[in-house]
Amino acid sequence: MGTRCPELCLGESQAIMKLQGNILIPEAKLTEYLLVLRSEDDKSKFLAQVGFTQDNPDQLKQAIFNLMQTHDAVSDRQDKYGTTWLKAR
């Protein structure tokens, strides 16, 4: 169960790709990380401003899937949580 990314190309130190295949977003990534208030590198306040909270993690997951279907992804950085991807410009 991985991600197939046949359209991978390398830019200036960034990988640009259309995410395809069986893409899984673990529920814990949403409910125990993205939507949780953190003292450092908090994302929950930003997500709450656009309507995503602990009360509706499925809506956030669907929004992420919708974004992946319509935009390419650019690798930004890698840390202990994995690779951070951004929407390609």
Are there any pairs with C-beta distances below 7 angstrom linking a residue in the stretch 35-48 that is on the phi > 0 side of the Ramachandran plot to a residue that is of a type in the set (Gly, Ala, Ser) and modelled with pLDDT of 95 or more, with the two at least 6 apart or on different chains, and if so which?
none
So which residues in the stretch 25-65 are closer than 21 Å to residue 82 by Cβ and among the acidic types (Asp, Glu), if there are any at all?
27, 32, 40, 41, 42
For the stretch 40-72, how many residues are acidic (Asp, Glu), under 17 Å from residue 28 (Cα atoms) and surrounded by 12 or more Cβ atoms within 10 Å (Cβ to Cβ)?
1
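The values are calculated or read from the model by the stated rules, or taken from the named source; none is laboratory data. Everything quoted here is computed from the prediction, not taken from an experiment. All Cβ positions, even for glycine, are placed from backbone atoms using ideal geometry, and neighbour counts span all protein chains on display.
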